[in-house]
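Q: Got a structure for you, questions after.
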Amino acid sequence: MSEVTIRPITEADTDKIVAWRNNPSVQEHFIYRAPFTRESHLNWFHTRVETGEVAQFMIVADGEEVGSVYLRDIDQKNKKAEYGIFIGEDANRGMGVGTEAARLIIDYAFCELKLNRVYLRVFAANTRAIKSYEKAGFRFEGRFRDDVIIDGEAYDIVFMGILREDWLKGE
């Protein structure tokens, strides 16, 4: 298992983020599949990350940047946020890096941001990701049948979540 840490993204990470998000093996797991551009990422960074609506981090495994993990739509009124992740470097998938990055950002969500709930959406067919999320502490909350249409095909979406009290109890 690699040593995994996370660090806040900076504007200097833009080219790496854009390349990773345009990687077909990353893109296929996202609902939003339009090509990423430097301009679209910089807009995201300046309007969402810098404003605190998104907390986004680079995933560092054994000293190398390999992906990104984030909390989006941070809602301090309702104490919740949506979780997202991508491992941009193909060789680092299936190695436990994503699970460890999830644990690190969940801890950040509950201990630093004082949120009560972190949730995610994942394609039901993405069983590898679902297993990783379960290892990190997320629980199945529901399945929305034919929830999204991509290129004319309907996909089921699984919703998962974790509560602060469960995380702090170590469940």
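Rule-based calculations on the coordinates, nothing more; no lab input. The structure displayed is predicted, hence computed values, not measured ones. Neighbour counts are summed over all protein chains in view; Cβ atoms, including those assigned to glycine, are modelled from backbone coordinates with ideal geometry.
Q: How high is the FRET efficiency between Arg143 and Asp62 when r is their beta carbon distance and R₀ equals 25 Å, given to the nearest 0.05? Present the calculation step by step, with values, prior to reporting the outcome.
A: Details: r = 36 Å, r/R0 = 1.43.
That pair, Arg143 with Asp62, gives E of 0.10.
Q: In the chain, what is the count of Lys pairs whose alpha carbons are under 20 Å apart, counting only pairs at least 8 residues apart or on separate chains? Kindly include the intermediate steps, with their values, before the conclusion.
A: On the way: Lys77/Lys114; Lys79/Lys114; Lys79/Lys169; Lys80/Lys114; Lys80/Lys169; Lys114/Lys169; Lys135/Lys169.
So the count of such lysine pairs works out to 7.
Q: Relative contact order (percent) for the chain, with alpha-carbon contacts under 8 angstrom and 6 or more residues of separation? Intermediate values should be presented prior to the final figure.
A: Values: 285 pairs, mean separation 32.5, N = 171.
Contact order relative to length: 19 percent.
Q: Shifting gears a bit: Taking the structure as given and computing Kirkwood radius over Cα pairs in Å, which label from (1) 15.7; (2) 16.4; (3) 23.2 fits?
A: Read-out from the structure maps to (2).
Q: Identify which of Thr14, Thr51, Thr99 has the largest mean-square fluctuation in a Gaussian network model of the chain, with springs joining Cα atoms closer than 10 Å.
A: Of Thr14, Thr51, Thr99, the most mobile in the Gaussian network model is Thr51.
Q: Between Gly137, Gly84, Gly63, find the one with the highest GNM mean-square fluctuation for the chain; connect C-alpha pairs within less than 10 Å.
A: Among Gly137, Gly84, Gly63, the largest mean-square fluctuation in the Gaussian network model of the chain belongs to Gly63.
Q: Alpha carbon centre of the range 1-33 versus the range 87-144: separation in Å?
A: Computed from Cα coordinates, the inter-centre distance equals 15 Å.
Q: At 0.36 nm per residue, minus the direct Cα-Cα distance, what do Phe30 and Glu3 gain on full extension? Give it in nm, one decimal, please. Mind showing how you got there, number by number?
A: Values: separation 27, 0.36 × 27 = 9.72 nm, distance 2.62 nm.
Length gained, Phe30 through Glu3: 7.1 nm.
Q: Along each of the three principal axes of the Cα atoms of the range 74-119, give the extent in whole Å, ordering the values from largest to smallest.
A: If we take the Cα atoms of the range 74-119, the spans are 39, 15, 12 Å.
Q: May I ask for the Rg/Rh ratio of the range 111-171, computed from Cα atoms with Rh as the Kirkwood radius, given to two decimals? All intermediate terms of the calculation are to be shown ahead of the outcome.
A: Details: Rg = 13.5 Å, Rh = 12.6 Å.
Using Cα coordinates only, the ratio equals 1.07.
Q: Further, regarding this structure: Treating only the Cβ atoms of Lys and Arg (+1) and Asp and Glu (-1) as charged, compute the dipole magnitude of the chain about its Cα centre; round to the nearest 20 debye. If you can, show how the numbers build up before the last one.
A: Values: 23 positive and 29 negative charges, 112 e Å.
Dipole size: approximately 540 debye.
Q: Running a GNM on the chain with Cα contacts under 10 Å, which residue among Glu100, Glu39, Glu65 ends up with the highest mean-square fluctuation?
A: Glu39
Q: Under a plain spin-label model, where a point goes 7 Å from the Cα along Cα-to-Cβ, how far apart in nm are Asp107 and Asp75?
A: Spacing of the two 7 Å Cα→Cβ label points: 2.7 nm.
Q: While we're looking at this one, here's another question. Would you calculate, for the chain, the mean residue ellipticity at 222 nm contributed by helices, counting each DSSP H stretch of 4 or more residues as -39,500 (n - 2.57) and dividing by all residues, to the nearest 500? Please list the in-between numbers first.
A: Numbers: 6 runs with 46 residues, N = 171.
Mean residue ellipticity, 222 nm, calculated: -7000 deg cm²/dmol.
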